1. When residues of region B:193-239 are filtered for being touching a helix residue (DSSP H, G or I) at 6+ places or on another chain (Cβ under 8 Å) and among the charged types (D, E, K, R), how many remain?
2. Could you tell me whether any residue of region A:122-130 is crowded, with 19+ Cβ neighbours inside 10 Å, in contact with an Asp or Glu (Cβ under 7 Å, 6 or more places away or on another chain) and not assigned by TED's automatic domain parsing to the domain that holds A:THR28?
3. Residues of region B:63-92 being within 11 Å of chain A (Cβ to nearest Cβ) and part of a loop (DSSP other than H, G, I, E, B), which ones?
4. Right, B:GLY174: without any contact (Cβ under 8 Å) to a residue 40 or more places away in the chain and touching a Phe, Trp or Tyr at 6+ places or on another chain (Cβ under 9 Å) or not?
5. Assess whether B:THR220 counts as being under 27 Å from A:THR69 (Cα atoms), surrounded by fewer than 21 Cβ atoms within 10 Å (Cβ to Cβ) and in contact with a strand residue (DSSP E or B) (Cβ under 7 Å, 6 or more places away or on another chain).
6. Which residue is nearest to the chain's Cα centre (by Cα), if the candidates are limited to region A:62-118 and must be without any contact (Cβ under 8 Å) to a residue 12 or more places away in the chain and at the interface with chain B (Cβ under 7 Å from one of its Cβ atoms)?
7. Yes or no: region B:195-203 includes at least one residue that is within 14 Å of chain A (Cβ to nearest Cβ) and assigned to a strand (DSSP E or B).
8. Among the residues of region B:46-55, how many are hydrophobic (A, V, I, L, M, F, W, C) and surrounded by fewer than 19 Cβ atoms within 10 Å (Cβ to Cβ)?
Amino acid sequence: MIQKKSVIGLTAAITLLLFGLVACVEKTPKSITGYAPVYGDTATTLLIQSEPARPIVHGGKIYQYQNYTFQIENGEGIHIINSSNPANPQKIGFIRVGGCSEISIRNNILYTDNHQDLVAINISNINQVSVASRVERVFPGINQSYPPYNGVWFECVDPSKGIVIGWTEKLLVNPKCKR
Amino acid sequence: MKPIKLLFILLLLSTWMACDKNTLSSGDNFNSTGQGGSLARFTIVNNYLYTVDGMNLNVFNISTPASPVFKNKVQIGFDIEAIFPFNNQLFIASNSAMYIYNISNPEQPVQESFVQHLTGCDPIVANDSIAFLTVHGGTRCGSMINQLQVYDITNITYPQLIANIPMTNPMGLGLKDSVLFVCDNGTGLRVLNVKNPYQIQSMYVVSGQQYLDVIPMDSTMLCMMSNGVAYFDISNLNQIVKIGEVKN
């Protein structure tokens, strides 16, 4: 009887071990489609400057200040529209702001999000804006540790490569990170 | 584009007051603030910039506009979508709830109430007595509910749902006098008479173009498109007329 019990115990233990092994194998695919971080270098991601008017492709939120309408180009910057004559509004320029999605303006100072930072931009000269100040790392921005999906494999983040500005699909070989 | 469920609360007077304030301050260099839509996550109240992100409300002092100073971070909840100021209140919309914060002490927002609804995300607008909010079903919020919800907020600590109006796929909204504009994708720009919030009447629908949000001003209204901005003359609310647009 005792012997029989141990046999059952042993079998159970082995079965569990096997399951464990299988689970391990399943957890470390040799190659699988997952996600990889897209890095931006500091010089590029934090660059804010006036640029020529350009097409509105991924138009985001809008804002009216005096004679100007502003529309966010999601993740890329802010379109400036002269709307003094709303029957004939004209795009007059673009402010490059990586990672932006929000806008608010007071007294010629435009507040927006530049990835994780709040930036105050002086728009007194609407054709040549300048950064007045920056409050660093107050917004979550794009998650710096993992992609915005559950149950996926991804290339582990290497902060030395820069700030994560997005995630892209990629065929991963021996991935080490999973969410 | 993220699939969005929208929660809009539109407070009647606030929009009127915002417009009024802008008009008054437009020539005043010391206090000139712009106007955003109902989807906004940044808003300026007096000398403070309030921002919401996924979980938090951030407070920045902008007494010196060029040098904002971070003052406070308050955890609100999950999936915060939009913020709308009215008087001493901030209305904050998340995926599943509407929160009302008191900012009498501007650097220390205090929660006054919250209303949980089944689903919904996004923008808010309100006045002393009524809040309008759109709930937009979608994959992210896991619901099929699409409606305009109307809350009596006379008692700010106990918002009461007084009406549910079915919608197709509502997004941003805006208020001008006693007229409510709702961007209802699939149907059009709905124009509603909300003079009696207990008996809201559909006036008409402007169809043909998909708008995501609106900013009603004195005589002009801006409408957000995914590839530009449209301008309407709203001086006659019985017949608003598109007068211009910037596209592509």
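1. So the count comes out to 1.
2. Within region A:122-130, not a single residue is crowded, with 19+ Cβ neighbours inside 10 Å, in contact with an Asp or Glu (Cβ under 7 Å, 6 or more places away or on another chain) and not assigned by TED's automatic domain parsing to the domain that holds A:THR28.
3. Listed by number, the residues that qualify are B:SER63, B:THR64, B:PRO65, B:ALA66, B:SER67, B:PRO68.
4. no
5. yes
6. Step by step, filter region A:62-118, then rank; the result is A:TYR111.
7. no
8. Going through region B:46-55 one residue at a time, the tally reaches 1.
The values are calculated or read from the model by the stated rules, or taken from the named source; none is laboratory data. Bear in mind that the values here come from a model prediction, so they are computed numbers and not experimental data. Heads up, the Cβs are rebuilt from the backbone with ideal geometry, glycines too, and the neighbour counts pull from every protein chain shown.
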